[in-house]
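Take a look at the structure set out below.
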Amino acid sequence: MFRAIFMAILLTGSFQVKGQESKSELLVGKYEEIIQFFPEINTGTHYIEENRSLDGHPFYLSAKMDLGAITIAENHFEDVPLQYDIWEDWVISFSSAFHQRMILNHLKIDSFKLNDSSYFVKKEKPNDFLFHRNGFYREIETGEIGLYAKHRKQKKQETSTIELVRSYEEVIKYFFEIEGKLVEVPKKSKIFETLGMAKKTAKKELKALGLRYKKNRETYLRTLVNMSNNVQQ
């Protein structure tokens, strides 16, 4: 029965990302490998986009499903059709059998990589963070200190003179990983203290690179993390 259920997320020639027969055969082989060891990866639930009345989409970067990679219990699989719904924090694959998108079991997923090379890993819940959901965070930097981002979408309401416009709004929260735990990036004045850095020296280098916190937040934080890790080596 597990085999029958998981066949719902197999990719065959009907998936239109790359329709060559040889590619389909390769993918079926990969899924046969997953089925053998991890039949429970499929929740058995069809994915339905709930907020169709909202402008935009609930996915990370793009509404298009494409080929990515996934790691389950330290077993890595390439060329997997994947889509990431950041409204629900769900990883989705495609069922050629039912011509439906299927929700994958987040409890079985260690990490996944999307077509644009964005890499997401499962992390423990940071203290007092309300939007942890299924625990997927985008990995930006690793080392003595790491940098991660949590992506989610929420409803945005804007009024106009004609009508009420309802759309998705993306929110990104950044976290340092210190001593193996995620710590939400504090307000700007506390960042240098949190990283144990000399504020004057760090700001001088950031200025030389033309980086500003509000305008280049991710690059700014990534640069600081790299500077901190280089000092600690």
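The values are calculated or read from the model by the stated rules, or taken from the named source; none is laboratory data. Every value quoted in this text rests on a predicted model; they were computed, and no experiment measured them. Every residue, glycine among them, receives a Cβ derived from its backbone with ideal geometry; neighbour counts consider all protein chains shown.
Quick notes
- Total residues in the range 166-177, condition surrounded by fewer than 15 Cβ atoms within 10 Å (Cβ to Cβ) and either within 15 Å of Val225 (Cα to Cα) or out of contact with any Asp or Glu (no Cβ under 9 Å at 6 or more places or on another chain) (or both): 2
- Residue ID - farthest from Ile178 (Cα to Cα), chosen from residues in the range 76-129 that are among the hydroxyl-bearing types (Ser, Thr, Tyr) and more than 15 Å from the chain's Cα centre (by Cα): Ser96
- The conditions of being at pLDDT 90 or above and either β-branched (Val, Ile, Thr) or farther than 21 Å from Tyr119 by Cβ (or both) are not met by Ile34.
- Here the condition is being touching a residue at least 40 places away in the same chain (Cβ under 8 Å) and either surrounded by 12 or more Cβ atoms within 10 Å (Cβ to Cβ) or within 28 Å of Phe136 (Cα to Cα) (or both); of Asn230, Asn226, it holds for Asn226 alone.
- Selected residue (only one of Glu163, Glu179 is at pLDDT below 90, assigned by TED's automatic domain parsing to the domain that holds Glu88 and either within 20 Å of the chain's Cα centre (by Cα) or farther than 24 Å from Gln83 by Cβ (or both)): Glu163
- Here Lys156, Lys207, Lys200, Lys215 are screened, and the one residue that is in a loop (DSSP other than H, G, I, E, B) and modelled with pLDDT under 95 is Lys215.
- If the condition is being surrounded by 14 or more Cβ atoms within 10 Å (Cβ to Cβ) and assigned to a loop (DSSP other than H, G, I, E, B), then the range 33-83 contributes Phe38, Tyr47, Glu49, Asn51, Leu54, Gly56, His57, Pro58, Tyr60, Leu61, Met65.
- Selection within the range 184-201 - surrounded by fewer than 16 Cβ atoms within 10 Å (Cβ to Cβ) and within 20 Å of Lys122 (Cα to Cα): Glu184
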